[in-house]
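Undergrad: If you scroll down you'll find the structure; I have some questions about it.
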Amino acid sequence: MLKGMEQLGRKGIPVGCRGGGCGICKIEIVRGDYSCQRMSRAHISVEEEAQGVVLACRTRPQSDLDVRVLGKIQRAVMRALD
Amino acid sequence: MAMTGVLRPGHVQLRVLDLDEAVTHYRDYLGLIETHRDSQGRVYLKAWDEQDWFSVVLREADEAGMDHMAFKVLDEETLWRFQADLKKFGCQIERIAAGELDHCGERVRFAAPTGHLFELYANKDHYGNGISTTNPAPWPEGLKGMQAVRFDHCLVYGEDLDGSVKLFTEVLGFQLTEQIVDGDLQLAAFMTCSTKAHDVAFIRQEGKAKLHHASFMLKTWENVLRAGDIISMKDIALDMGPTRHGLTRGQTIYFFDPSGNRNEVFCEDSYVYPDTPVLTWTADRTGQAIFYHSRELNDRFMGVTTGA
């Protein structure tokens with residue numbers, strides 16, 4: 001899903017490692033069918049996965065999906081730049 | 001100063017979500033050489049110009065990140081001296097028996113104030129670099145992918161930057177080479193145990209300890225560009241580059257392994273001697289310090305990490 005978004009030049013879901021490890025592209029699937037590859041348990045618990053909370057980079061849509069973006073990039077402390 | 005204490009980064013143990021995918025990445029794309037698999041299923045690899053048995057250990061786990069980074073010290077006497085000094089500093093020490101990692105001697109594990117696990121060891125079996133020690137060839141044949149020369153350093157994020165800098169400089173004898181400062185507040189600290197631009201680097205960030213990247217050295221800018229070609233040819237997730245860092249002057253490219261751990265390959269960074277002054281970047285020039293050409297901070301580069 002995330003790769004598709006990037007290839008279309010679209011934005012909306014934050015793009016991180018693209019490998020299921022960093023958790024930045026966390027989304028909630030509100031409606032639709034999909035499958036998922038392995039995702040870091042540091043970011044997606046078993047309960048979350050069961051409730052449709054997934055990482056977009058590991059998600060393959062199998063229908064049109066409605067999603068809600070949950071992930072956000074935490075910036076390193078750079079206080080002079082804030 | 002001759003190198004008498006900590007010699008160099010010895011290895012990093014990384015957690016990966018899928019071992020086979022990770023081995024393909026590190027062996028076939030980065031160009032490390034697989035040297036061993038242990039009874040726990042961990043895979044050991046080394047860069048071609050390293051002499052010891054391994055410098056990267058891949059462990060399959062349900063989350064990505066760094067288990068620990070280990071440094072080789074001169075000898076066992078040095079190891080026990082550091083153990084005593086680390087205890088005195090207030091670190092909790094754990095002794096890891098020889099052979100817990102195959103081909104590696106006893107390790108002294110401690111948590112740095114930023115929360116990262118580091119280890120020291122004195123002995124690792126010799127594997128060789130594929131080149132004779134008599135009338136040596138300049139490089140071995142049959143290398144793959146980016147042909148990484150050595151595991152060079154890790155950059156990590158943590159809250160108690162001051163504590164970790166104090167530990168590495170005052171207890172382990174590292175030298176501060178470069179830093180980013182905001183007035184009195186140090187935001188980034190690059191440190192070496194040798195004469196390199198960095199053997200380990202820390203960036204101040206609130207929250208849990210994180211891995212920013214594990215880095216591998218290449219020889220030339222041409223090699224860095226070629227790494228970029230391989231990243232596209234093999235559909236590896238690119239992060240940034242090829243470009244130049246202000247900090248360390250390194251020519252660099254960043255990408256992610258299939259589990260999301262960030263890797264760097266780079267060449268031609270700066271060097272220091274014990275009398276080289278510390279280089280300081282001011283916080284208003286952080287963009288230039290990190291990416292010398294664009295001078296822009298990139299949210300993904302700054303904000304995306306895996307665990308430690």
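The values are calculated or read from the model by the stated rules, or taken from the named source; none is laboratory data. In this text, all values refer to a predicted model and were calculated from it rather than measured experimentally. All Cβ positions, glycine included, derive from the backbone under ideal geometry; neighbour counts span all protein chains shown.
Undergrad: Quick one: which strands (runs of 3 or more DSSP E) sit completely within region B:121-206 and have at least 2 residues that are out of contact with any Ser or Thr (no Cβ under 8 Å at 6 or more places or on another chain) and modelled with pLDDT of 95 or more?
TA: Output list reads B:185-192, B:200-204.
Undergrad: Mind counting the residues in region B:287-302 that are facing chain A (nearest Cβ under 8 Å) and within 21 Å of the chain's Cα centre (by Cα)?
TA: Looking only at that region, the number is 2.
Undergrad: Then there's this: Can you name the residue in region B:54-72 that is in contact with a helix residue (DSSP H, G or I) (Cβ under 9 Å, 6 or more places away or on another chain) and closer than 20 Å to residue B:155 by Cα and, of all such residues, is farthest from the other protein chains (Cβ to nearest Cβ)?
TA: The qualifying residue farthest from the other protein chains (Cβ to nearest Cβ) is B:56.
Undergrad: What's the total number of residues in region B:1-30 that are hydroxyl-bearing (Ser, Thr, Tyr) and either away from chain A (no Cβ under 14 Å) or in a strand (DSSP E or B) (or both)?
TA: 1
Undergrad: Let me ask another. Which pairs turn up if I take residues in region A:1-16 that are more than 25 Å from residue B:213 (Cα to Cα) and look for partners that are in a loop (DSSP other than H, G, I, E, B) with beta carbon separation below 7 Å, at least 6 apart in sequence or on another chain?
TA: Taking only residues 6 or more apart or on different chains, the pairs are A:5/A:12; A:5/A:13.
Undergrad: Shifting gears a bit: Take the residues of region B:167-213 that are away from chain A (no Cβ under 12 Å) and among the polar types (S, T, N, Q): which is surrounded by the fewest Cβ atoms within 10 Å (Cβ to Cβ)?
TA: Out of the qualifying residues, it is B:169.
Undergrad: Of all residues in region B:265-308 being in contact (Cβ under 8 Å) with a residue 24 or more places away in the chain and small (Gly, Ala, Ser), which is nearest to residue B:147 (Cα to Cα)?
TA: Initially, region B:265-308 is screened for residues in contact (Cβ under 8 Å) with a residue 24 or more places away in the chain, giving B:265-274, B:276, B:278-283, B:285-286, B:288-294, B:298, B:300-301, B:304-308.
Add one more test, that the residue is small (Gly, Ala, Ser), and what stays is B:270, B:283, B:289, B:294, B:307-308.
Details: B:270: 21, B:283: 35, B:289: 27, B:294: 28, B:307: 27, B:308: 26 Å.
Only one residue fits best here, namely B:270.
Undergrad: If you don't mind, another one. Checking residue B:69 against (1) within 22 Å of residue B:45 (Cβ to Cβ); (2) surrounded by fewer than 17 Cβ atoms within 10 Å (Cβ to Cβ): exactly one of these is not met. Which one?
TA: If we test residue B:69 against (1) within 22 Å of residue B:45 (Cβ to Cβ); (2) surrounded by fewer than 17 Cβ atoms within 10 Å (Cβ to Cβ), just (2) comes out false.
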